[in-house]
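Step one of this worksheet: look at the structure below.
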Amino acid sequence: MNRIASLALVLSLVAPAAASAASFDTRQAWQADRIERGRDDGSITWTEGLKLRAEQNRIAREKDRLATKGYLTKADRQTLSGMQDQAARNIRAEGNDGWHRLFNLPRVGK
């Protein structure tokens, strides 16, 4: 019985951290997909795409730096969430800023 209680305690501590990491990665992938869709439909220009992808890379590097201790604290998760919120606002702003690739020009760059 004591083993089951210990296992339940360990799982209750590990599950939120794993869920947090998964939600972070899912959100990063979703934002990267939004950038690429904007590049494909022309609403995000080549230079805007470069800037937005650089921001995504900065967020990923910050996550790696914060996770060097093997876990993310609540403050770390709040910092990363704030960075992702700002990135989402930037993606939305660049997609709706009126600068578009001309419809007859092909997509250029990465």
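The values are calculated or read from the model by the stated rules, or taken from the named source; none is laboratory data. Since the model is a prediction, treat every value here as computed from it, not as a measurement. Positions of Cβ are backbone-derived with ideal geometry, glycine not excepted, and every protein chain shown enters the neighbour counts. We work out accessible area using only protein heavy atoms, side chains counted, and drop any ligands, DNA or RNA first. Shrake-Rupley method; radii C 1.70, N 1.55, O 1.52, S 1.80 Å.
What to note about this one:
- Of the residues GLN31, GLN84, GLN78, the single one that is in a helix (DSSP H, G or I), open to solvent by 70 Å² or more (accessible area, probe 1.4 Å), at pLDDT 70 or above and not acidic (Asp, Glu) is GLN78.
- In the stretch 34-75, the residues that are under 14 Å from ILE91 (Cα atoms), charged (D, E, K, R) and either touching a His at 6+ places or on another chain (Cβ under 8 Å) or open to solvent by less than 40 Å² (accessible area, probe 1.4 Å) (or both): ARG39, GLU48, GLU55
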